[in-house]
Structures are given as structure tokens and as C-alpha cells.
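Reading through the C-alpha cells given below for one structure.
The values are calculated or read from the model by the stated rules, or taken from the named source; none is laboratory data. All figures in this text were calculated on a predicted structure; none of them were measured in a lab. FYI the Cβ positions are ideal-geometry reconstructions off the backbone, even for glycines, and counts take in every protein chain you see. Keep in mind that these areas ignore ligands, DNA and RNA; they rest on the heavy atoms of the full protein, side chains included. Shrake-Rupley method; radii C 1.70, N 1.55, O 1.52, S 1.80 Å.
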Amino acid sequence: MSPDKDQYKAKFRPDSDSALDSELNAALGDLSLEKLYGFDKPQAKPGESTEQLAAKGLRRGKIVSIGKDDVFVDMGGKSQGIASLMQFENPPTVGEEMEFHVARYDPREGLLILTLRGAVATNVSWDSLEIGQIVEGTVTGMNKGGLELQIKNMRAFMPAGQVDLVFQKDISTFIGQRMMAEVTQFDREKRNLIVSRRNILEREKEEARQKMLAELTEGQVRRGSVTSVMDYGAFVDIGGVDGLLHISEMSHRRVRNPAEVVKVGDVVDVMVVKIDQETGKIGLSLKQAMADPWTDAATKYPVGTVLTGRVAKVEGFGAFLEAEEGLEGLLPVSEISWQRIKHPADVVKEGDTVKVVVISLDPVARRMTFSIKQAGGDPWAGAADRFPLHSVVNGKITRVAEFGAFVELEPGLEGLVHVSELAAHRVKTPGDVVKSGQEVRVRVLELDKEKRRIALSIRRAEEPAAATAPAGAPAATEPAKKKKRPQLRGGLDL
């Protein structure tokens, strides 16, 4: 057997026996391994570079044999190569295709010396440098533009933008650290070497992303970290993959600003609700990972339950109240006050807390209706006894209109002071005499429980009761007769 054959057996087929030796000899005959693998061509002459003998750079090869310490790789055509087994993070398999960097051609062995893509080159030198090669070095210092590294006996430079995935304002924290980097540019003659750590991190992130995408399924709940917050939602890293947490999926309640719910760095549990394998986009939901508040709403808030709710939104037809996070109901304008109001905003505003009673509930349709006025009872019940005719009481101006001013005698019970009853002199505009929020004394001129109206007077409040109510006058609630009075402009028809 020729020395070449013996070398092949010893390196790649350590377990071969005599029968296999005979078979190999018969198969090869007088053909040497140099001729078989194409290395019988003239070797490099003095002054001729190895690049002229074997093309360097990143090339794809197939593993054909695995030895104790090395891997034999078919690089296509008649090119064969060898790579150290220590470079592989996971044990390779015969037939597996991978990408390798061609470091050099070894004429003694007749093989290409290979470095697995992504593996650290251990015997790197100016002669063996290649673009894309992974090297390891120590950060020795920094300058205005980036970091300085010592890689074996070579000095290298890493631009500040290539240090990390995100730009680091203070890169001095890396001084003294050992790190892996990718060769991006070099000049052997000028001894210039530029490397990048970011390229490696980006590939690692992409590999983790692809692995995660293969594992993800819709409906899974994953723990992630909020990486950024936008007007329309937030992005969450769920383990190498960023997913969009849309504003509509942040909470069961209404969310106007995502920053109200999450901030950068928050750790959250989210549900995967959508995966687009073509684009790699992932949709996440925070609210679907939480318990649905409507599930036990019928038990917690049956009809008739009195509770305190927060006004979440005010519309022309009413206001939306939040009983708890994610559980909202409607407070119709007709249920806000016993008095007639033009707009809910006249009584409630966003952020107010009000006492209400649940008057209807449909968990299936996710609807709930509240009432303020029914929560405290009907203020008109017994009003005639509390505010008899001609009595003088204190009140507060709640609204000023063109025809007069409304005075609240007690919560839910308002009366009207007509413009003609505001002052002894002629009043052109009610706002010239009274202001909203002003405390006033008024005299009850008339109370109609059926129509829920009370006529009041400020100008007669200080008059003696006898002057306004002659002896033997009928009861306040049932006046015997009313003198015909001229029709007043606006307001109540007194």
C-alpha cells in the first residue's frame, strides 16, 4: 500500500480492518490519492501565492468522513479539505452540507485547510486572514471612532457602530474584555485590520429567530421583554424574535396611549395570536393572556348592585364607566340625572368616580348599563314636605341660561329662577346677576311633583312670608287657584 493510502486510512478510517484494506487497494490500484483528489497538479512555485493554487473565501462543502479529531470535506470537483472537529458546536453527520472558509492549501497533506463558518480561527495570521473569518481578541483601548483589539500578534480596529446590535454611547466598558469578531476588511501590506462584533450578534439573533419561529404556534403564551413603545403599540422580544403588541391587544379596557400600560424593559406574558411564516411577522396579545373579566361578571355584578365606577369616556348619548379593568358599561344620558340635561359633560367628565347601580347586564354580548339617578333614590319623593310653598332655602347655581338660572336645592333636585325673579330691577342677561357655582337664598314659588318642576325666586327671598303668602293660602302641593299671570319668556310656564 502506498504512503498516501496509509495516510488516508490512519486519518479518516481508523477503524478499518484487513478486509477493508484489501478492498481499498483493489479499488485504487495504482491510482494515488494525489491524482484521485486532484492534488497532482504542479505545486506553488517560489513567490507564487497560495491563492493561485486554491481559491480562498467562503465555500460550501459536504462532509464525507469524520475522524477522531478532524472532518474530511468534499468541496466539489476534485477539491478536498479538512477541518478540526473542535470547531463544531454540535457533532456533524456524514452527508451534511456546511459553509467553510478556505484558509490555505497544504501541499504536504494535499488538502485544503478549512475553518467552519462561524467558528473561531485559532491559528490566524496576516497570511491566513479572510473576509468573514471569525477571530478572537482582547479589547486593549478605545479612541473616538471605536475599540482597539489585540488579535494574536495583530492589532485590529472595531468601529463603534459595530460593537453591538444597538449603538452604545459608552464603549469604554468593553476595555479588557475578550470577544469574538468577524473580519470585515484588511490590508496585509499596511497591516490594517477592521472587525465587527455586530455581524456575529446579528447572525446569532437571526438563528435564534428562525429556531423560535419553528417552535411558535398560535395560542402559546410566552414571556418577553418590551424593547420599544410606539403610538400604535409596543414590540416585545419573546426569545430572539420581536412581535407586535398592538394597542388594541394591550388591555381589556380602552387604551389611548400604550405608554400607560407598558414601558421599555417591562417583562410581560403575552399570547401569540398570529404568525406570518412568509414575512416572519408575529402578533401578540397581552389581554388574551389575562383572565377575561366578563367571565364572572354576572356573579360579581348582578342587576341591582351598587358600585363606584370611573368615567372612561364621555359621548353625547351618555358616558362609559369602568367597573374594573376591562369591564365597562354604558351610563345613558337619561340615567345621569333626574333633571333634564343637554349633554352628559354638563354633569360628568372623564376621570370622575361616580356612584351607580347596575340596571342591566349581558355577559355574552359584553354589555352592562348603569344609572346614577337610581343609585340614590328619587329625590322628588317627599320634596313637597322638604320644600313647602313660600319657604326660603339655600341653593347653588348649577347652570345659567338666557331665560334664568338653575339652582340645586339638594343632589338631583333643581329648580328654576326665571330671569324676572333674579332681581328687583330689570335684568337684561342672567349672567350679569348670578354665576355658576354661586351660593344663593331662594324662595319656593311653586312645586309640581308630576312635572318635576320647582319655580324659585331670588328677589323675593328676603320678603316677609306674609307678603308672599296671605293667611289661609292653599297647601304648597295643591294650590286652590292660581291667578292668571302674564306668560314669561323662556323657561317654565309659571
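Things worth noting here:
- In segment 104-183, chymotrypsin sites (Phe, Trp or Tyr not before Pro) in a DSSP loop with at most 13 other beta-carbon atoms within 10 Å: PHE167
- Inter-label distance, nm, simple model (7 Å from Cα along the C-beta direction), ASP74/GLU410: 10.0 nm
- Compactness of segment 78-156, taken as the C-alpha radius of gyration over 2.2 N^0.38 Å, stands at 1.30.
- Rounded to the nearest 10 Å², the accessible area of ARG178 at probe 1.4 Å: 150 Å²
- Sparsely packed loop sites in segment 72-128 (the GluC sites (Glu not before Pro) outside DSSP H, G, I, E and B with at most 16 other Cβ atoms within 10 Å) comprise GLU89, GLU96, GLU109.
- With R₀ set to 60 Å, the beta-carbon distance separating ARG223 from VAL392 gives a calculated FRET efficiency near 0.30.
- Normalised contact order of segment 212-261, rounded percent, pairs of Cα under 8 Å and 6 or more residues apart: 27 percent
- Sorting THR299, THR93 on solvent-accessible area from highest to lowest, probe radius 1.4 Å, gives THR299, THR93.
- Sequence of ASP346, ASP276 from largest to smallest accessible area, 1.4 Å probe: ASP346, ASP276
- Dipole magnitude (debye, nearest 20) for segment 249-291, charges at Cβ of Lys, Arg, Asp, Glu: 240 debye
- Counting charges near ALA423 (Lys, Arg +1; Asp, Glu -1) among other residues having Cβ under 15 Å from its Cβ returns a value of +3.
- Extension gain, LYS263 to LYS451, is 62.2 nm, computed as 0.36 nm per intervening residue step minus the present C-alpha separation.
- Along its three principal directions, the equivalent ellipsoid of segment 273-420 from the Cα gyration tensor extends over semi-axes of 42, 18, 10 Å, largest first.
- Across the options THR227, MET290, VAL268, the greatest Cα extent toward the positive end of the charge dipole of segment 188-295 (unit charges at beta carbon of Lys, Arg, Asp, Glu) belongs to THR227.
- Selected from THR353, TRP380, GLY415, residue furthest toward positive end of dipole (segment 352-456; charges at beta carbon): THR353
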